[in-house]
Amino acid sequence: YSWMHPMETKKLVTLIPGDGIGPEVIEAAIPVIERAATRHGVALAWERLPYSADHYLKTGETLPDAAFRHLRDEVDAVFLGALGDPCVPGNEHARDILLGLRVRLDLYINFRPVQLLHPDLTPLRPRPSPIDFVIFRENTEGIYRAERSRVQGDEYLAEEVNTAGGVERIIRAAFEWARDHGKTRVTMSDKSNAMNRDRK
């Protein structure tokens, strides 16, 4: 890469644009990521993989083992678009791609900073404190390792799997981040409105 500045590093980013609005969002985000990378002296190389609902419907393929190994061993980052399409009502492709990557790579923290950049960008008017917090979402167990819901007689059962180690590490990560960034409160919540285990 003779055109690169001597201090620049080259990073390979794999795009999986996904379904629905996913490809549109990915395309809009690429120039922003490029600009941020350039500011920090990082040169990016991009590659695209076809895995999506359309690909699954045409080939029956979700995320092949060879593709997983490539993502695990040979790329620096994966940029994954939204997954989910009514043409695949069971969302098999989304489960294998999204949850498959999370679990197989043990990506147990979904780290989401939330910061209001300008008051006009929200109907909320937070006073006296600005909107500035971080979400640590457990990404590999709990609701994501839910057992299949079932009915026994007149009882509806929905189970999930939480391990002591999994619970401890996500809570510890949240408290350590809060301590290191001058935050004084950690709040626990769930996502019951969006998960199948909470529906009959």
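The values are calculated or read from the model by the stated rules, or taken from the named source; none is laboratory data. What you are looking at is a predicted structure, and each value in this text was computed from that prediction instead of being measured. FYI the Cβ positions are ideal-geometry reconstructions off the backbone, even for glycines, and counts take in every protein chain you see. Keep in mind that these areas ignore ligands, DNA and RNA; they rest on the heavy atoms of the full protein, side chains included. Shrake-Rupley method; radii C 1.70, N 1.55, O 1.52, S 1.80 Å.
Odds and ends about this structure:
- The requirement of being open to solvent by 60 Å² or more (accessible area, probe 1.4 Å), in contact with a strand residue (DSSP E or B) (Cβ under 7 Å, 6 or more places away or on another chain) and hydrophobic (A, V, I, L, M, F, W, C) is not satisfied by Phe79.
- For the stretch 86-113, a residue qualifies if it is open to solvent by 40 Å² or more (accessible area, probe 1.4 Å) and not hydrophobic (A, V, I, L, M, F, W, C), and the qualifying residues are Pro86, Pro89, Gly90, Asn91, Glu92, Arg95, Asp96, Arg104, Asp106, Tyr108, Arg112, Pro113.
- Tabulated pairs, the stretch 21-46, first free of Cβ contacts under 8 Å to residues at least 60 places away in the same chain and within 11 Å of Lys11 (Cα to Cα), second in a helix (DSSP H, G or I) and open to solvent by less than 50 Å² (accessible area, probe 1.4 Å), C-beta under 8 angstrom, 6+ apart or interchain: Ala43/Ala37; Leu44/Ala37; Trp46/Ile30
- Out of Leu71, Leu124, one residue alone is over 24 Å from Phe175 (Cα atoms) and either more than 16 Å from the chain's Cα centre (by Cα) or among the acidic types (Asp, Glu) (or both). It is Leu124.
- In the stretch 1-18, the residues that are at negative phi reach residues that are open to solvent by 50 Å² or more (accessible area, probe 1.4 Å) and at pLDDT below 50 with C-beta atoms within less than 7 angstrom, at least six apart or across chains, in these pairs: Lys10/Tyr1.
- Leu57 being in contact with a His (Cβ under 9 Å, 6 or more places away or on another chain), within 30 Å of Gly142 (Cα to Cα) and in a loop (DSSP other than H, G, I, E, B): no
- Scanning the stretch 63-122 for residues that are in contact (Cβ under 8 Å) with a residue 40 or more places away in the chain, part of a loop (DSSP other than H, G, I, E, B) and under 25 Å from Ile30 (Cβ atoms) returns Glu74, Val75, Asp76, Gly81, Ala82, Leu83, Gly84, Asp85.
- Count - residues of the stretch 114-134 that are open to solvent by less than 90 Å² (accessible area, probe 1.4 Å) and closer than 23 Å to Ser189 by Cβ: 8
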